[in-house]
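The values are calculated or read from the model by the stated rules, or taken from the named source; none is laboratory data. What you see is a predicted model, and the numbers here were worked out from it, not measured in a lab. Here Cβ is always computed from backbone atoms with ideal geometry, including for glycine, and neighbour counts include all displayed protein chains. Accessible surface areas use protein heavy atoms only, side chains included; no ligands, DNA or RNA. Shrake-Rupley method; radii C 1.70, N 1.55, O 1.52, S 1.80 Å.
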Amino acid sequence: MRERVGVAVTGVVFGFSLSRIGFSSWDEVHRMFTFADLRLLFTFMSAVVFLTLAWIAIARLTGATWAPRNLHPGTLAGGALFGIGWALSGACPSIAMVQLGEGQLGAGLTLIGIVAGNWLYSVVHERWFRWSAASCVDA
Amino acid sequence: MQHWPWFVGGAALAGVCVFHWLTLRRMLAVSGRFTAMINRARFGPEKQVEMTAEELRAAMLAATREAFGPDAAPDAPPTSTKPEAKAGPTLTKQQSAGMHLLFLVALLCGGLVSAFLAGGPSFSGGLRGELFNGFFGGKASSAAVLLFGGVLVGFGTRMAAGCTSGHGLCGVSRFQVGSLLATMAFFGTGVLTSLLLRWLL
């Protein structure tokens, strides 16, 4: 129950926030990437700063530790491909869902693409790559 | 709709990540949820094995010997004999596919609530925005761009094992080298692609 509530509440608040920030607007994302408007960039960077402070506080108060994220040959190449896709579709994985909720139905195609691309990589990886591709959901 | 100023947005995103960790004891990572759901679709439900640290150690020892011969692993007792040592990351149980789906539907609801409070939602066939529709005016061309872009997003985030939330927010803020590299990579190609679009179209 606690898990279900946690998942649902974070999902709704995250989706709402992304929408209000403007991350779900293709135009806003484009203006971020072309540095025409720095608001989204500042939003992102300030979130990272706030989070760093929060993790430090949580570690101090609870003694929590976190498993390090793994670095493997796909990190750079995968990131690079994702960036091209983000600039074209205006969506990172969560944004496609938010756009659908806002009634931007074209995001349905982005979502189909994301599922297909994820599936495609899992097949490609098994066939040609050797490194462990553990996902961040494990961290 | 009036967008939030940067510090409000930054605080909201950070708050969501912290709340996610406090309630679920795991980092916010959206592309990982897609990955887990697709693994589930391809391979069926994962076996959930419940064992103590000692049982796990014995099983690993047996597997090592099976793979590399009986002399491969020493018989010595574990270095730490403290029961349930407190240090180190705990093994968290994998979330079910239903939980991943619930998160994605909740994201959609968040967008819906936002649109509803702004007097909507209004429906549009493609995406909204002068720039997007100016660049890719036709229905066919905008559909192609969204589908192709989506494939790159899915492929790339799985290859990099993370996206804007897992690497960009939760990884960079914990000074993870891989996350920093991935974030620099996706931001770099995002900038290049957007500049190229503006230049070409």
Only unsatisfied item for B:Asn133, checking (1) more than 7 Å from chain A (Cβ to nearest Cβ); (2) free of Cβ contacts under 8 Å to residues at least 60 places away in the same chain; (3) farther than 15 Å from A:Gln99 by Cβ, is (3)
Cross-chain or 6+ apart pairs with Cβ under 9 Å, the stretch B:141-159 first and more than 7 Å from chain A (Cβ to nearest Cβ) and without any contact (Cβ under 8 Å) to a residue 60 or more places away in the chain, then open to solvent by 10 Å² or more (accessible area, probe 1.4 Å) and assigned to a helix (DSSP H, G or I)
B:Ser141/B:Phe135; B:Ala144/A:Leu109
Enumeration of residues in the stretch A:39-66 that are open to solvent by less than 70 Å² (accessible area, probe 1.4 Å) and either assigned to a loop (DSSP other than H, G, I, E, B) or among the basic types (Lys, Arg) (or both)
A:Arg39, A:Gly63, A:Ala64, A:Trp66
Of these, B:Gly126, B:Gly137, B:Gly120, B:Gly111, which one is in contact with a strand residue (DSSP E or B) (Cβ under 9 Å, 6 or more places away or on another chain) and open to solvent by 10 Å² or more (accessible area, probe 1.4 Å)?
B:Gly126
Of all residues in the stretch A:1-22, count the ones that are in a loop (DSSP other than H, G, I, E, B) and open to solvent by 10 Å² or more (accessible area, probe 1.4 Å).
1
Give the stretch B:156-182 a look and list any residue that's open to solvent by 10 Å² or more (accessible area, probe 1.4 Å) and farther than 14 Å from A:Val49 by Cβ, or say none.
B:Arg158, B:Met159, B:Thr164, B:Gln176, B:Val177, B:Leu180, B:Leu181
Would you say B:Val153 is within 25 Å of B:Ala11 (Cα to Cα) and open to solvent by less than 30 Å² (accessible area, probe 1.4 Å)?
no
Would you confirm, using the coordinates I've provided, whether A:Arg69 is surrounded by fewer than 21 Cβ atoms within 10 Å (Cβ to Cβ) and farther than 30 Å from B:Pro5 by Cα?
no
Yes or no: the stretch B:186-193 includes at least one residue that is buried (at least 23 other Cβ atoms within 10 Å of the Cβ), of a type in the set (Phe, Trp, Tyr) and in contact (Cβ under 8 Å) with a residue 24 or more places away in the chain.
yes
Scan of the stretch A:84-126 for residues that are polar (S, T, N, Q) and either surrounded by fewer than 24 Cβ atoms within 10 Å (Cβ to Cβ) or more than 7 Å from chain B (Cβ to nearest Cβ) (or both), ordered by number:
A:Ser122
